1. Using a 10 Å cut-off on Cβ atoms, rank the peptides 58-71, 436-449 from the highest mean neighbour count down.
2. How big is D for segment 377-476, in µm² s⁻¹ as a whole number, if Stokes-Einstein is applied with the Kirkwood radius of its Cα pairs at 4 °C and 1.567 mPa s?
3. Using a simple charge model, +1 on the beta-carbon of Lys and Arg, -1 on the beta-carbon of Asp and Glu, nothing else, what dipole does the chain show about its Cα centre, in debye to the nearest 20?
4. Under a point-charge model restricted to the Cβ atoms of Lys and Arg (+1) and Asp and Glu (-1), what is the dipole moment magnitude of segment 652-738 relative to its Cα centre, in debye to the nearest 20?
5. So what's the projected area for segment 527-602, the Cα convex hull averaged over all directions, in nm²?
6. Ignoring everything but the protein chains, give the 1.4 Å probe accessible area of residue 116 in square angstrom, nearest 10.
7. Skipping prolines and chain starts, which residues have an amide H placed within reach, meaning under 5 Å, of the one on residue 57, given they are 5 or more residues away or on another chain?
8. Which whole-number percent is the relative contact order of the chain (Cα, under 8 Å, 6+ apart)?
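The values are calculated or read from the model by the stated rules, or taken from the named source; none is laboratory data. Since this is a predicted model, take the numbers as computed values, not measurements. Please note: Cβ atoms are built from the backbone with ideal geometry, for glycine as well, and neighbour counts cover all protein chains shown. Heavy atoms of the whole protein, side chains included, go into the accessibility calculation; ligands, DNA and RNA do not. Shrake-Rupley method; radii C 1.70, N 1.55, O 1.52, S 1.80 Å.
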Amino acid sequence: MVESAANSPYMSSGEHVAVLLPLPLGGPLGAGQGAAYDYRVPDGMTLNPGDFVRVPLGRRTSLGVVWGKGDGDVAPEKIKDVFERLDAPSMPDVQRQFIDWVAAYTLSAPGAVLKMAMSVPDALEPPKPVVAYRLASGMPELKKTAARQRVFDVLADGPPLIQADLAREAAVGVSVVSGLIKAGALVPVELMVQDDVSGPDWKSPGPELSGSQSDAAGVLVKAVADDGYDVTLLDGVPGSGKTEVYFQAVAEALKRGKQVLVLLPEIALSAQWLARFEERFGAPPLEWHSDLTPSVRRRNWRAIAEGRAGVVVGARSALFLPFVDLGLIVADEEHESAFKQEEGVIYNARDMAVVRSSLGDFPIVLCSATPSLETVVNVDEGRYRSLHLADRHGGAELPDVSLVDLRTAAPASTHWLSPVLVDEITKTIAAGEQAMLFLNRRGYAPLTLCRTCGHRFQCPNCTAWLVEHRRDNKRGRLVCHHCGFNTSTPTVCPSCENEGNFAACGPGVERLAEEVAELFPNIRADIATSDSISGPKAAADLVRRIEEHEVDLIIGTQIVAKGYHFPMLTLVGVVDGDLGLSGGDLRAAERTFQLLYQVAGRAGRAERPGRVLIQTHMPEHPVMQALVSGGREGFVETETKARREAKMPPFARLAAVVVSGKNAAQVDRVAMDLGRDAPRQEGLLVLGPAPAPLAMVRGRHRRRFLVRAPKAENMQKYLHRWLGHYKPPGNVRIQVDVDPYSFL
Ligand code: ADP
Ligand code: ZN
């Protein structure tokens, strides 16, 4: 482990410093080795822990962060000098501690975690000046035009502007401006752009809160004012005003000059959230997600590092931004598995956010209508406070949920909507309202086979069927939803060479759309999946079309399950309620409940009560029963009991170890070796090796261990003991997933 250097003094020329490089060196299992390199501080330079530096690395250079004093065991003739200290705000102590913590917990190389915290290397260079224009002092002879006059007017009583802005403000073409520059009427000045950061305004009042909302807000505001580590679960049915309540806490943090981070599981699709924020605080928050342009990323990163950004809303990666004075984190939809990063550094942003607030000693709010079992148990055991909002705002009723037993009320063959559901859709549309059909399956059909020989189209790289797509950008293709492999839908069977006699098996949203078009030729239906909604713009457009009632019926995957409020949407039909319940996933029941509960929450708001119909083959299943009765408590109780008895999380620790490689025999050998080497330890259980349910992904064969340990046990220590010294052959990779969410 690299020692965190929180209290080290500065280091002056001639001394050695340890520089952590943003490279996955020494990990995942040998964390500590090769994580930081020693360098000499050159003459005339002093360095502090946290400084960003450029250092030589082999024949090239690398950026890095001064992590502390060097350990002095590099020979003086071997050590190299730091090239330069970058003109960027240093990385705060608490962030370096956080990086070390995450690396240790997830068994990742500290450099791999640092890499996430240095995702915008450009931002480490000071901003470059831009060329702006002002009026020349001696005006050349020019023909007067109205357009030119407008340019003069803008500059007469304003600051110098860059060409594009000047043209925009004067409402003239850019050519008018460049003409004036050429004629010498405008002269260049170099300008440092200081972004206008008219940030969110905490003083704007927000809506008047109801009694219970106001009580909850009071508690959160006090926690922010008291300023110390403190975890609150804010729990309430969809539409109860959780967002309004935590906005009050955000306002309090801003008032105290603190920075705020709001984590949303799918920020790119949160158009409504952003609009509400801006309405409430008079300015948008800073966004952080993968859909930003490089220049916006660079600007936002810098604004956060310089403390100019008040509120940042982001996906999980926002946790690694260089906040200087973070005073509050909100993790909205805390139960969402989208918070789990499954590649590279495998971490859960919700859990790491709690760690971040503990290290930074400030409060955190976890928000959900269906909190995770982990969080519920933390509340029960007194580690987290809980605030509950019982009712929908404004007395709106929760939707009425009923089950459609597919065993007795079956749809016609190769149809997926039961007569009851069809009937409800008809009534809803006739009443001038909107409906949503939920099916968590992209594409046309999840499996395609040849009717003549039975050949099934399978991904060449994965243990998975190819999914036929007939619309959007994947039209006419068979696609693997695991690795992205795709091929055009063939006309001839590759196996028996018969002319296209293929059967589509089972429904995807596209097939459902076909059925809807057949049943209701006159309604305007729209599909919403990650294929049709590729980014924030498309999402915002969909939201607008639904809000303005340009669409009668939405067919969607989980992308439409959360967070949206549509006043005219009164019917939700769940096409296959059982979809998530199969398979050996620890959280299958919990996740299905959460997802369907969230989907149901889309129905009915304001004065129009909603109806939810769930089609299922298992109406007696506890998940279905809990959804019908609206009683989350009953479900949580049963599920908690089952987990406790099975000694599973949250009542035990779990880690997955996945061995993978291109050569199946080699992978098997490594897995067997590791299995034999697993140290025996009282109370600790190592299951496996077994082929992972997805035995092959992206051409890599996978074998899996599950390690279960009592809560009091140090899982990381055990994994180090087991795997720390093992060097797998070059082509085999060993990946550790602490607190696994995916069991594939
Ligand atoms: P949740 O986050 O619990 O789903 P929201 O905060 O999104 O609930 O509130 C649901 C809807 O009710 C939103 O449109 C919100 O603006 C409105 N709302 C909630 N509380 C109030 C309030 N006190 N005054 C006015 N509107 C409110
Ligand atoms: Zn594949």
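1. Descending mean neighbour count gives 436-449, 58-71.
2. Working: Rh = 19.0 Å.
This corresponds to a translational diffusion coefficient of 68 µm²/s.
3. I would put it at about 1940 debye.
4. It works out to roughly 220 debye.
5. With the hull built on Cα positions only, its mean projection is 5.4 nm².
6. Here the residue's solvent-accessible area equals roughly 40 Å².
7. Residues meeting the criterion, in which the H sits 1.01 Å from N, are 62.
8. Values: 1502 pairs, mean separation 79.5, N = 744.
Once divided by the residue count of the chain, the mean separation gives 11 percent.
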